[in-house]
1. Regarding residue B:15, is this residue in a helix (DSSP H, G or I) and touching a residue at least 60 places away in the same chain (Cβ under 8 Å)?
2. Give the residues of segment A:1-11 that are polar (S, T, N, Q) and surrounded by fewer than 18 Cβ atoms within 10 Å (Cβ to Cβ), sorted by residue number.
3. If we scan segment A:53-65, do we find a residue that is in contact (Cβ under 8 Å) with a residue 12 or more places away in the chain and surrounded by fewer than 18 Cβ atoms within 10 Å (Cβ to Cβ)?
4. So which residues in segment B:130-154 are of a type in the set (Gly, Ala, Ser) and either out of contact with any strand residue (DSSP E or B) (no Cβ under 9 Å at 6 or more places or on another chain) or closer than 30 Å to residue B:67 by Cβ (or both), if there are any at all?
5. If a residue must be outside any strand (DSSP E or B), open to solvent by 70 Å² or more (accessible area, probe 1.4 Å) and either within 14 Å of chain A (Cβ to nearest Cβ) or over 20 Å from residue B:143 (Cβ atoms) (or both), how many such residues does segment B:175-197 contain?
6. In this structure, does residue B:132 turn out to be in contact with a His (Cβ under 7 Å, 6 or more places away or on another chain) and surrounded by fewer than 19 Cβ atoms within 10 Å (Cβ to Cβ)?
7. Among the candidates B:7, B:99, single out the residue that is open to solvent by 80 Å² or more (accessible area, probe 1.4 Å), at pLDDT 85 or above and of a type in the set (Ser, Thr, Tyr).
8. Name the residue, out of A:14, A:40, that is more than 9 Å from chain B (Cβ to nearest Cβ), outside any strand (DSSP E or B) and open to solvent by less than 40 Å² (accessible area, probe 1.4 Å).
Amino acid sequence: MKNLIESLVKPLVDYPEEVTIEAVEEDNRIIYKLTVHKDDIGKVIGKRGRVAKAIRTVVYAYAHTTENKKVFLEITE
Amino acid sequence: MKEITATGQTVDEAVESALKQLKIKKEQALITVVDEGKKGLFGIFGSRPAIVKVKVNIDPIEEAKKFVKSVCDNMDIPIEIESVVEGKNVHFNLISEKTGLLIGKRGQTLNALQSLTQQVLNRYTDQYMVVVLDAENYRKRREESLVQLANRLASKALRERKEIKLEPMPSFERKIIHSALADNEKVKTYSIGTEPHRRLVIQPKF
């Protein structure tokens, strides 16, 4: 899952080396916390969250096939 | 492709600054030294800065292809990609056994990946290019069913004498419906709402 998120995010940003993903596992859900360089946040979110929405759509599509738990993707600074 | 000119005290410094501005690595650049510069006496008299031209040497189509391939690999979907470039349109055809997962409900996964691919590709182009991702002729099949839907709903609107709102769709799908009903003199089509919830309305003409 982390690899998938990386492969979606890294090609979009100017500082791929500063992309980090942390997984927080709870009882019935997994939250992936994505952090990127300050200047890249706009690129990852996009106009009206368009890019973020597209990233989530792909991530969740894959999550449904592999994970039993609910998966969330959070974008933070 | 993007090209800039940069200066610096030495050739290396000039190159460094150009790469930083373009946000690329040295392997992705085509570098021409315009002027090697001169140190001058004590670095003050008669010194001349070094000038270099740096051109981005990345094939946007290849980058986009690599992007799609790596995303699909990470989703455990083995794929082959065929690409066709026509003017500013780039068409990628994805060939795989597991296209169902890739397309998603009403093509939402494919559309999401398509917009991301467009984003990646346009990072490396001067002119904006439009990306179409297709899998197993999904776009063609979808177009046919949208045209059918359009005609069916147009007659329903006429029969019931009221407007019919369609569910939200991306712009390229709305376009198919608009043009399918453009020649129909009995109905009018327009869209309401803002992206990504913009939806089409079919209105009977009285």
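1. On the way: in a helix (DSSP H, G or I): yes; touching a residue at least 60 places away in the same chain (Cβ under 8 Å): no.
Considered against the rule, which asks whether it is in a helix (DSSP H, G or I) and touching a residue at least 60 places away in the same chain (Cβ under 8 Å), residue B:15 comes out as no.
2. Step one: filter segment A:1-11 for residues polar (S, T, N, Q), giving A:3, A:7.
Once the filter is applied, which keeps residues that are polar (S, T, N, Q) and surrounded by fewer than 18 Cβ atoms within 10 Å (Cβ to Cβ), segment A:1-11 yields only A:3.
3. The answer is no, given that none of the residues of segment A:53-65 is in contact (Cβ under 8 Å) with a residue 12 or more places away in the chain and surrounded by fewer than 18 Cβ atoms within 10 Å (Cβ to Cβ).
4. Within segment B:130-154, the subset of a type in the set (Gly, Ala, Ser) is B:135, B:145, B:150, B:154.
If the condition is that a residue be of a type in the set (Gly, Ala, Ser) and either out of contact with any strand residue (DSSP E or B) (no Cβ under 9 Å at 6 or more places or on another chain) or closer than 30 Å to residue B:67 by Cβ (or both), then B:135, B:145 are the ones that fit.
5. Number of matching residues: 4.
6. yes
7. Numbers: B:99 fails: open to solvent by 80 Å² or more (accessible area, probe 1.4 Å).
So the residue among B:7, B:99 that is open to solvent by 80 Å² or more (accessible area, probe 1.4 Å), at pLDDT 85 or above and of a type in the set (Ser, Thr, Tyr) is B:7.
8. Details: A:14 fails: more than 9 Å from chain B (Cβ to nearest Cβ).
Going through A:14, A:40 in turn, the sole match is A:40.
The values are calculated or read from the model by the stated rules, or taken from the named source; none is laboratory data. Small disclaimer: the values here were computed from a predicted structure and weren't measured. Here the Cβ is made from the backbone with ideal geometry for all residues, glycine too, and neighbour counts use every protein chain on show. Accessible surface areas use protein heavy atoms only, side chains included; no ligands, DNA or RNA. Shrake-Rupley method; radii C 1.70, N 1.55, O 1.52, S 1.80 Å.
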